[in-house]
Amino acid sequence: MGRKNKFKTAGCAVNQNGIPIAKWIYLLHQMIFIVSCVFGFIHLGITLFLALAFRRYQSGASRKPNSISVVIAARNEEFNLKQLVPLLLEQDFVDFEIIIALDRCTDLSKAYLESLNNPKIKIIEIQTVDVNWNPKKFALNEAITKTKGDWLVFTDADCAPATKNWLNSISHHMIDHKNIIIGISPYRVNGSLLSNFIRFESFMTAFMYISRALRGKPYMAVGRNMAVRKSFFKNSGGYEAIKSIVGGDDDLFIQRNATKDNTQVMLGVDNLVFTMPHTNWKAYWNQKIRHLSVGANYKFSDQLFLGFSHISHLLFLVMIIFSAAHSFFFPMLLFYLFIKLVSYRFAAGKMGININYILLPLVDILYAVLIPVIALWSKLEKDIKWKN
């Protein structure tokens with residue numbers, strides 16, 4: 001009679017302590033809901049904090065004209081160069097040159113560039129790569145040594161400036177006391193779920209690094225759309241300290257050299273450089289592994305910020321699934337989506353881009369799950385390359 005074994009009394013199951021199991025389930029349900037609310041408010045707080053930073057954006061205006069050297073590293077990019085180079089030559093800016101480093105190319109990239117017979121184009125052929133260097137950084141470095149411009153403007157062969165005013169707009173951000181300019185490079189959409197997700201993921205990446213830069217904490221940029229004063233690049237040591245690392249010609253350079261005082265953000269349609277998304281998940285996966293693997297070289301404070309942002313996002317979504325039966329589930333979910341929608345629309349408007357808000361719930365879930373998984377996978381991957 002005195003033993004505390006589980007038994008049923010009046011149709012109600014109880015545990016060994018005599019507490020109804022239904023009550024334990026209820027308490028667990030309530031606890032999960034409370035935890036999901038905590039993580040939800042933390043994540044939404046981070047989202048609002050990042051979005052409000054875009055109010056600080058000021059375009060600035062260059063006080064004197066600067067010459068520009070557009071720097072590109074290309075490995076068998078004949079098709080892409082045929083799309084990009086004509087757009088560069090059409091830029092509404094006078095004093096610029098295009099330096100293209102052809103990294104061990106076996107296609108007709110050189111023949112195409114020579115056929116243009118344009119004095120603005122300078123071709124750097126690379127037959128062998130120094131064993132101490134990552135191939136892309138080596139190609140970029142070789143190109144930089146041949147530049148004549150006051151500023152180095154970086155982009156990739158598979159990109160396209162949004163307008164003819166790209167270089168002119170960049171020049172307006174070349175303020176005397178600024179040495180680094182970081183911009184945005186969104187992906188175009190081809191209608192597939194993958195392309196919509198990639199576009200959203202690139203928006204989220206820009207949302208985070210631009211807002212941090214606007215708050216005086218620059219931690220990365222994209223090499224598809226950034227500029228560095230040439231004298232500053234040389235005086236800072238360029239890629240020397242990171243030359244052997246795969247990737248990071250953009251964000252690791254920013255990690256080592258960007259500060260609140262020397263970094264300028266550029267936003268708006270004229271400042272965009274578009275690129276095409278991958279057409280299959282495997283190619284995207286491999287690209288993101290390469291990108292995220294560089295994160296291990298970030299400052300601890302930046303790793304902590306990024307990790308906490310992603311983990312709070314993921315844990316909130318996990319917890320909210322377990323709270324689906326709660327009476328406050330749908331109001332909380334709608335509030336979550338409302339805050340995200342308002343924040344993202346405000347930031348996207350400042351950036352000059354659009355995202356598919358109809359697919360927001362779906363891509364938001366994919367983003368919360370995939371990015372931490374790929375980041376973890378990147379730490380396990382040993383053979384990471386720029387291009388074979």
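The values are calculated or read from the model by the stated rules, or taken from the named source; none is laboratory data. Quantities reported herein were computed from a predicted structural model and do not represent experimental measurements. In this analysis, Cβ positions are derived from the backbone assuming ideal geometry, glycine residues included, and neighbour counts consider all displayed protein chains. Accessible surface areas use protein heavy atoms only, side chains included; no ligands, DNA or RNA. Shrake-Rupley method; radii C 1.70, N 1.55, O 1.52, S 1.80 Å.
Brief remarks follow.
- Restricting segment 22-75 to residues that are buried (at least 17 other Cβ atoms within 10 Å of the Cβ), closer than 30 Å to SER231 by Cα and not small (Gly, Ala, Ser), the residue that is farthest from the chain's Cα centre (by Cα): ASN66
- Failed condition for PHE93, given (1) at pLDDT below 95; (2) crowded, with 17+ Cβ neighbours inside 10 Å; (3) within 30 Å of PHE338 (Cα to Cα): (3)
- Within segment 277-304, tally of residues that are assigned to a helix (DSSP H, G or I), of a type in the set (Val, Ile, Thr) and surrounded by fewer than 16 Cβ atoms within 10 Å (Cβ to Cβ): 0
- Taking each residue of segment 202-226 that is touching a residue at least 12 places away in the same chain (Cβ under 8 Å) and open to solvent by less than 10 Å² (accessible area, probe 1.4 Å) and looking for partners that are of a type in the set (Phe, Trp, Tyr) and part of a loop (DSSP other than H, G, I, E, B) with beta-carbon atoms closer than 7 Å, six or more apart or interchain, yields TYR209/TYR219; TYR219/TYR298.
- Residue satisfying condition, being of a type outside the set (Asp, Glu) and not in a helix (DSSP H, G or I), within set SER327, SER378: SER327
- For ALA213, the conditions (1) at pLDDT 95 or above; (2) over 23 Å from ARG55 (Cβ atoms) all hold with the exception of (2).
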